[in-house]
Amino acid sequence: MSEPVVIIGAGPAGLSCANELSACGQRIVLIDDNINAGGQYFRQLPGSYHVTPDAKLLRDKQRFDELAKVLAKPSVHYLPSTTVWGTPSPMTIAYAGRTGSGRIKAGGIVIATGAQDRSLPFTGWTLPGVMSAGGCLNLAKAHGLVPSGRVVVAGNGPLVLVAAATMIAAGANVVRVVEAQSDFRLASAALAGLLAAPKILGIGIGYRKRIWTSGARFQTGFMVAEAKGVYDVTSVGIAPVGFDGKPDRSRLEWIDAETLVTGYGLMPGTEAAKVFGCRMEYDAGLNGVVPSRDASLRTSETGIYAIGDGAGIGGVEVAILEGRIAAHAILGSSAPSELSAGYRKLDAYRRKLNLAYRMPTALRAATDETIICRCEELSLGQILADPNRGRGSLNALKISSRLGMGRCQGRNCLHTASALMDLAPDAIETHPRMRPPIKPIPVGLMAADADVGPALEPDEFNPWNSKEEQ
Ligand SMILES: Cc1cc2nc3c(=O)[nH]c(=O)nc-3n(C[C@H](O)[C@H](O)[C@H](O)COP(=O)(O)OP(=O)(O)OC[C@H]3O[C@@H](n4cnc5c(N)ncnc54)[C@H](O)[C@@H]3O)c2cc1C
């Protein structure tokens, strides 16, 4: 293929895809909105930082260095600090960032945009000191920042263990770890792991052991009911999860804490797939939508592939395998049988794991006064009282209430609202349509883009000339 393949996202999935493609000499444009490559899992500390937490405990540097060698290859044009914000015409991406703005016509597009934290609003969730598990891990990995004081980690899903164990390794004083799922369902997840992915199960057991030996108490079947504090959080109320998914306030327990880390799951970042027009489908384990894909990870749109956490939450190992499988499909070669077999096994396991962690009833800790849409400052009471709520569609609700119309474009509130409204799967599938820019970018760069003219044809977009001349 003479045209470059554009990979959006330089996390484990994007880097692995770039490695496989570049090994066959394929030209690639790899675009990522972070300063450094690595995505969430391999997030790196800037070279100039010297911090106390032991770097080796927080990130897998050796494995990242191996994957990141691809960035220096002549066939790879890497654009860091750059956001893909839209698709002005078929197989064309519009980008803007530190490296400038423009459009590229691609021979193939790989969406490897990763996931984001799913929030669970409760009274006090906007207080300073309350943060998401993903955000907390990012602060530790990319800035060497670890919460001080007593820390409570609460949520639902594997990231609870990851966040708690990583914080302990980094020196935080984690006093309580609270998982909403019941012991019985967690045991079934562990059993599935024993058969399908013993290595991953071993990592999970290692995390549990680290929590256990630190002296932090690990509790299942409990959730956050409330956080209290005047200027920032000072105490956290936890309670058993009731049959209706609400905290059983008759058994509320208050824990003194300066930091509350909440991890109520991850949601695939599907904005790019939606804006490229890819068909979406409902995923029961996530109670959300993912792009429809065939066995070679091709979406419904010709030439467009979706891989990694942006296509379904599977973790780093699934992301790396998916990058390789998509690369083989793009190159028109069949993936080695051990790669396909290994992927099928791990993919089946991640689906079981997501289902095992899914709560029988969606968790609800918000009261009528709790803000759900932070950008538009909409409370649960306002959403529930909206005349369009009864129509069972987020699109209708968005039009009348402005839910999801702010800066985050619904990334943070729409999943929450659909769970609180008990929307049916087909209503979730028709989540409000995504409009560019899919992520915030400076207006000046968009204005500059108005002057860039049509997308550069493959022979016009040739950053490789200068590399080849060197
Ligand atoms: C906040 C967060 C923290 C996490 N921390 C951990 C952890 O510590 N340990 C662990 O085991 N798992 C962690 N996970 C899970 C982890 O994301 C995955 O297992 C793994 O990193 C998935 O790889 P990926 O390549 O699919 O996505 P990611 O690693 O998320 O990489 C996607 C990349 O694409 C970029 N991107 C997205 N949209 C655009 C766009 N429009 N334009 C340009 N670039 C874009 C993102 O900024 C990111 O760099 C975390 C997840 C999240 C959401």
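Every number here is computed from the coordinates shown, using simple stated rules; none is lab data. This is a predicted model, so every value here is computed, not measured. Here the Cβ is made from the backbone with ideal geometry for all residues, glycine too, and neighbour counts use every protein chain on show.
Results, tabulated for the structure shown:
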| read-out | value |
| --- | --- |
| The range 60-131-the range 286-361 distance, computed between alpha-carbon centres (Å) | 18 Å |
| Cβ charges +1 (Lys, Arg) and -1 (Asp, Glu), total dipole of the range 119-264, debye | 400 debye |
| Inter-label distance for residue 60 and residue 338, nm, one decimal - labels placed 7 Å from Cα along Cα-to-Cβ | 1.8 nm |
| Global geometry of the range 260-357, whether rounded, prolate or oblate, following the gyration tensor of its Cα atoms and the 1.5 cut on a/c | oblate |
| Farthest toward positive dipole pole in the range 159-250 [+1 Lys/Arg, -1 Asp/Glu at C-beta], among 178, 247, 214 | 214 |
| Estimated FRET transfer efficiency (residue 89, residue 255; beta-carbon r; R0 56 Å; 0.05) | 0.55 |
| Listed residues 419, 387, 371: farthest to the positive end of the dipole of the range 371-421 (Cβ charges) | 419 |
| Value of D in µm² per second that Stokes-Einstein yields for the chain, Kirkwood Rh from Cα pairs, at 20 °C (1.002 mPa s) | 93 µm²/s |
| For the chain, cysteines whose Cβ has no other cysteine Cβ within reach (under 4.7 Å) | 17, 24, 136, 278, 375, 408 |
| Ordering of 229-236, 269-276 by packing [mean C-beta count within 10 Å, highest first] | 269-276, 229-236 |
| Dipole moment magnitude, nearest 20 debye, the chain about Cα centre, only Lys, Arg, Asp, Glu C-beta charged | 860 debye |
| Highest to lowest packing among 203-215, 69-81, scored as the average C-beta count within 10 Å | 69-81, 203-215 |
| Dipole magnitude of the range 371-421 about its Cα centre (Cβ charges: Lys, Arg +1; Asp, Glu -1), debye to nearest 20 | 140 debye |
| Positive-end residue, the range 62-139 charge dipole about Cα centroid, Cβ charges, pick of 137, 64, 107 | 107 |
| Cross-link partners of residue 105 among lysines (Cα-Cα below 24 Å; sequence separation of 8 or more within a chain) | 73, 274, 439, 467 |
| Length added when fully stretched, residue 402-residue 73, from 0.36 nm per residue minus Cα-Cα | 113.8 nm |
| Backbone N within the range 200-221 under 18 Å of label point (7 Å from residue 248 Cα along the Cβ vector) | 219-221 |
| The range 326-415: proportion of alpha-carbon pairs further apart than 22 angstrom, % | 53 percent |
